[in-house]
Each structure stands twice: as C-alpha cells, then as structure tokens.
Amino acid sequence: MTPETTPFHAGEREAQRRAGVAPSGRFIRDHMPEQHRDFFAELPFIVLAAGDAQGRPWVTLLAGEPGFIDTPNARTLSVAAAPGRGDPLATALEEGAEVGLLGIELTTRRRNRLNGVVRAAQGRLVVAVQQSFGNCPQYIRERAWHRVEPAPAPAAIVSSRLDAGQRARITAADTFFIGSACGSVAAATDSAHDSGREQSTKRGYDASHRGGEPGFVQVTGAGTLRFPDYPGNNFFNTLGNLIQNPRVGLLFVDFETGGLLQISGRARIEWQPAHSEDPSAQRWVEVSIERVVERPEALDLRWQRETPALQLEVVDKRRESDLVTSFRLASADGGALPPFRAGQHLPLELSVPGQSGRVRRSYSLSGSPGDETYRISVKREAHGIASRFLHDRVAVGDCLTAHAPAGDFVLPAGQGPLVLISAGVGITPMLAMLYAAVAEGACGAARDVWFVHATRNGDSHAFWAEVDAAIQAGARSAGHRAERRVFYSAPLASDIRGRDYDAEGRMTAKDLLALDAGDDAHYLLCGPAGFLADISAGLEAGGVPAGRIAFETFGPAA
C-alpha cells in the first residue's frame with residue numbers, strides 16, 4: 001500500500017517506522033460496517049474528542065439511553081446529546097468541526113473508533129464518517145453501568161494546575177481517554193474557531209482509550225504527568241498525531257460519581273526511555289498541563305468494577321504443535337462453570353513475577369461448548385509476557401483467576417452454511433464453532449460447514465486429528481455436509497498431501513469463493529490482521545456482502 005493510498009498520515013507512518021511495524025490499513029474503512037452500526041446503537045455513552053476555539057484538544061463523554069446514537073446510513077452517525085454545562089467543547093461542535101469518536105462497552109470490552117466531520121449540530125450531533133475501524137479489547141477494565149436519577153451538576157472548576165484531590169484521583173485511575181489531532185489541525189490551532197480550519201483528506205481528531213493497573217499514570221508534579229505506551233494495534237494513531245501536533249486532551253472519569261476531569265496540555269514522547277519501572281511499557285508520554293476542567297457529577301451514569309468471578313484449576317496441559325499448548329480448566333471449587341458460546345474468549349488475570357500488576361489477557365475457548373471444562377490454547381510468543389508465563393510456569397494443579405467468558409464473535413443464527421476460516425492459532429475459536437455446528441447437526445439442525453485452515457506445515461499444524469474427527473462426525477449427520485480444506489505455505493518433506501493438508505501455498509479469497517458455499521453462507525475468520533484484511537477484502541470484491549463476513553483478530557496487531 002503506497003503513501004498515496006494508505007489511510008495513515010505522515011505522523012502515523014513515522015511512528016510505525018520508529019516502532020518497526022508495518023500494519024495493514026485495510027481494516028480502516030470510510031464507512032461503518034453493519035456490526036459497528038449495531039454496536040453504536042446499544043451504547044449508553046460515547047467518547048468524543050475535538051478542539052476548542054483556541055485549538056486545544058479536549059475529550060468528553062456524551063450519554064443517553066441506549067438508542068441515542070443512530071446510524072441512518074453507513075456513512076452517517078447521529079447522536080442525540082450535546083456536551084453539558086461547563087464542558088470545554090460546549091460551543092465547539094459547530095458545522096465543519098472535525099471530531100474523533102470512540103464507542104466502548106466496558107461490560108464486554110468491545111470498542112470501535114470513528115473519525116469524521118460535523119454536518120449538523122442543532123438538536124442532534126450529525127457526523128459524516130471519514131474513517132471507521134475496530135480495536136482489540138486489551139487493557140479495558142470490565143465495568144457494569146447503571147443510571148441514577150439526574151440532578152443539577154455543580155459548577156465546573158477551572159484551573160491551570162492539578163490540586164491534591166485531582167492528583168490522587170489520577171494516581172488511582174486504571175482508565176483514561178485521550179484525544180489528539182493530526183497536522184492538518186495544527187495549522188489552524190492559533191486561529192479563531194470561526195476563521196476557518198485547514199481541510200484534509202486525513203482525519204482531524206482521534207479519541208482513544210488507555211488502561212493499566214492503578215498507578216500506571218504518574219503525576220510528577222502539579223503541572224505534569226506521564227503514562228506508559230503499551231503494545232496495541234500498531235496503528236499508532238495517537239502517537240502519530242502527537243508527532244505532528246503535540247497538543248493533547250485527557251479525560252479521567254470518576255466511575256463512582258459520574259464526575260469528569262478534563263485536561264488539555266502538550267505531550268512529549270519518550271521513544272527510548274532511559275529508565276522504565278514498567279516492563280510492559282514500550283514508550284512513555286509526558287504531558288505538560290495547560291488547563292484543567294473538573295465537572296463533578298457531570299453524568300447520570302455510574303459504573304461498578306466487576307470482580308473476578310472464577311477461580312480455575314488447571315487439570316490438563318497438552319502440547320498441540322511446536323508453539324501451541326492447551327490448558328484445560330475446571331472450577332477450583334468443583335462447581336459448574338458458566339456456559340459459553342462457541343467463538344467467545346476467556347479473560348484471564350495473571351500474577352506474573354516481575355510485573356508491577358496483574359497481566360490481563362483474553363484467549364479464545366477452543367473446546368466444545370458442551371464440555372464440563374474450559375480449554376484455552378495459547379501460542380508461545382517470543383516476547384509475550386503472558387504466553388511465556390503460561391507455557392513455562394503454569395502446571396497442572398495451579399489455579400488461575402478469570403472472568404466469565406465474553407465476546408460477540410459467535411455463530412450466526414439460522415441454518416445458513418458456515419465457512420470457518422483461520423490461520424495459525426486463529427484456529428482456536430473455529431474449532432469451538434466446528435464442535436457447536438456438529439452438535440447442532442446431531443440434534444437435527446444441520447447446516448453445511450467448511451473448515452478452512454492455513455498454517456506453515458505439519459509442525460505448526462495444531463488440532464489436525466481433532467478437526468478430522470469432528471468433520472467425520474459432522475459428515476455422518478443426516479443432510480449435513482462437513483468438509484475441511486488445509487493449506488500449508490511451506491510443507492515439510494514428511495508432510496503428506498491429501499492426509500495432512502489439501503493444498504500448498506497461501507490461502508486466498510479466490511480459494512474460498514471456489515467452495516461455492518451459496519449466497520446465504522456466513523464467512524467467519526480468525527487470524528493475523530493482515531491475513532484477515534486480505535481475505536475479507538477479497539471476499540467483498542467477489543460479491544460476498546460485508547454483513548456475511550465476521551472476523552476476530554489476535555496478537556499484537558489485534
């Protein structure tokens with residue numbers, strides 16, 4: 001993808017270069033997929049970043065009853081809410097203003113980002129979509145929300161420095177939201193808001209989430225704070241913006257009282273910090289505070305942390321391939337485990353030696369939903385804190401802390417054919433889906449299934465015997481078609497074509513379309529981001545509606 005066609009602006013590309021990554025931009029669309037539109041309609045609040053009349057970035061929350069966000073079409077998002085009294089953005093969202101939006105559901109840890117331009121701000125905030133893309137759930141703390149009786153909010157408290165109470169709140173925070181602006185906005189930051197803003201094909205503002213253990217944000221003085229930059233989706237939207245324009249907005253939410261602490265300042269990126277007390281941090285960002293707005297009880301929403309509900313004992317540990325190991329988990333107290341839907345993941349909280357706090361990771365459940373135990377299958381990553389700990393330190397008899405299974409990457413309803421597509425360790429949720437589809441067929445609700453997997457060779461091919469057994473069981477179901485197709489990109493001399501794999505080379509969308517699964521088929525994909533981007537784009541180009549393609553990413557670029 002050339003600089004002329006990439007969705008990443010020069011600052012983002014520079015940040016990616018410094019980090020040594022080259023992410024695919026094909027997940028970034030100029031419209032909202034159907035799944036994103038449905039997601040926004042369910043939210044009780046949305047995060048918004050924009051600039052005030054002086055060009056200072058700010059971040060705020062807009063809240064309402066679920067349904068207050070509407071998407072009349074794939075390129076328009078409409079919000080029936082406006083910034084409240086005392087909000088720095090109360091008068092900034094006029095027609096033509098550039099905004100960044102983040103939809104985030106703390107209960108399920110789902111989030112989607114959107115950037116666009118305000119087309120109307122009378123009665124409803126109407127945004128024309130320029131970019132839309134999803135994000136991984138890493139570092140999101142689960143919280144359940146409820147609404148309280150609305151009451152007049154106290155007046156906003158405005159200052160240029162943090163007071164003692166504000167410093168304590170930031171130090172105790174495990175979550176904040178950040179807003180930044182790319183260079184096209186920087187050119188207009190010193191002009192009045194109504195004097196015109198440089199227009200660009202690149203997005204103006206970005207709203208993003210940051211999370212970590214309490215204390216991950218360090219207050220280094222009344223006028224400065226710093227926070228770590230953890231591994232993420234490798235897009236570097238925020239840091240790329242800060243390269244072009246150091247102005248930044250931060251929002252700390254008091255989840256117990258509905259209060260908002262909004263900060264605007266200037267950021268400096270420490271690309272290679274000399275000393276880092278957080279081993280997970282790849283970089284640090286220091287913010288010099290210029291303006292602080294505290295708005296007590298600004299929202300009628302309240303949130304409560306969901307405490308870890310499950311203590312799980314490792315009852316089996318099994319190597320599946322050269323890099324993948326499975327862990328079978330049972331309730332430590334002998335009770336029944338909460339059920340899960342095929343495709344969902346299990347959130348874990350790991351106590352890893354040398355880490356300042358608990359390490360949180362989510363792993364797809366790879367076993368059958370009908371089993372009495374859970375099974376997760378983890379690929380060992382060379383620099384993976386959690387995966388190396390699980391592979392090297394966790395043994396049968398050990399206990400792990402987890403939350404209940406979650407996620408909306410699940411089998412679609414109905415009896416339409418299924419094409420289950422995976423690469424590498426992306427096979428894990430697909431295996432659970434295969435088991436579920438076979439079980440449905442055994443109960444008389446048969447649906448055709450194609451299980452299509454890509455891996456390097458026999459050494460890296462996990463679960464091949466399980467898949468073959470499940471395919472054979474599915475094929476025995478009356479009226480049920482079940483087939484597998486395995487691609488080896490670099491087969492070994494010992495790999496036998498026809499038994500171990502079906503085709504040599506990389507899987508393509510053309511291979512999937514050749515299955516002729518039918519117009520009502522659903523295509524479910526899991527694998528590395530680049531693989532998913534290529535396959536999903538190829539399927540759409542081949543005539544498969546976007547609404548019949550669902551995917552789940554994994555790894556650092558998830």
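A short reminder: the numbers here are calculations on the coordinates, not readings from a lab. Only a predicted model underlies this, so the values are computations on that prediction, with no experimental measurement involved. Don't worry about glycine lacking a Cβ; one is built from the backbone with ideal geometry, like all the others, and counts go over all protein chains shown.
Here are some notes:
- Considering only 384, 368, 309, and ranking their Cα positions along the charge dipole of the range 307-402 that arises from unit charges at the beta-carbon of Lys, Arg, Asp and Glu, the one farthest toward the positive end is 384.
- At least 20 Å along the helix axis (C-alpha) and Kyte average at least -1.0, DSSP helices within the chain: 427-442
- Considering only 473, 208, 513, the residue lying farthest towards the positive end of the dipole of the chain is 208, judged by Cα position with unit charges set on Cβ.
- Longest to shortest principal axis, alpha-carbon extents of the range 10-304, angstrom: 50, 42, 41
- Amide H contacts under 5 Å for residue 418: 448, 449, 450, 522, restricted to partners 5 or more places along the chain or on a different chain, H placed in the peptide plane at 1.01 Å from N.
- Peptides 497-505, 95-103 ordered by average Cβ neighbours within 10 Å, highest first: 95-103, 497-505
- With the highest mean first, a sort of the peptides 35-42, 144-151, 540-547 on other beta-carbon atoms found within 10 angstrom per residue produces 35-42, 540-547, 144-151.
- When the convex hull of its Cα atoms is viewed from all sides, the range 307-402 shows a mean projected area of 6.2 nm².
- Average projection area in nm² (convex hull over Cα atoms of the range 312-470, one quarter of hull surface): 9.8
- The range 418-553 - Rg and Dmax from Cα coordinates, angstrom: 14.2, 42
- Protection proxy ranking, peptides 388-399, 14-25, average beta carbon neighbours within 10 Å, highest first: 14-25, 388-399
- Stokes-Einstein diffusion for the range 1-58, with the hydrodynamic radius set to the Kirkwood value over Cα pairs and evaluated at 4 °C in a medium of 1.567 mPa s, equals 89 µm²/s.
- Between the range 89-153 and the range 228-262, the alpha-carbon center distance in angstrom: 14
- Distance (nanometres) between label positions extended 7 Å along Cα→Cβ at residue 493 and residue 506: 2.7
- D_trans [Stokes-Einstein, Kirkwood Rh over alpha-carbon pairs] for the chain, 37 °C, 0.692 mPa s, µm² s⁻¹: 132
- Dividing the radius of gyration of the alpha carbons in the range 248-363 by their Kirkwood radius gives 1.09 for Rg/Rh.
- Under the criterion of Cα pairs below 8 Å and six or more residues apart, the relative contact order for the range 421-558 equals 25 percent.
- At 0.692 mPa s and 37 °C, Stokes diffusion of the range 43-136 via Kirkwood alpha-carbon radius, µm² per second: 246
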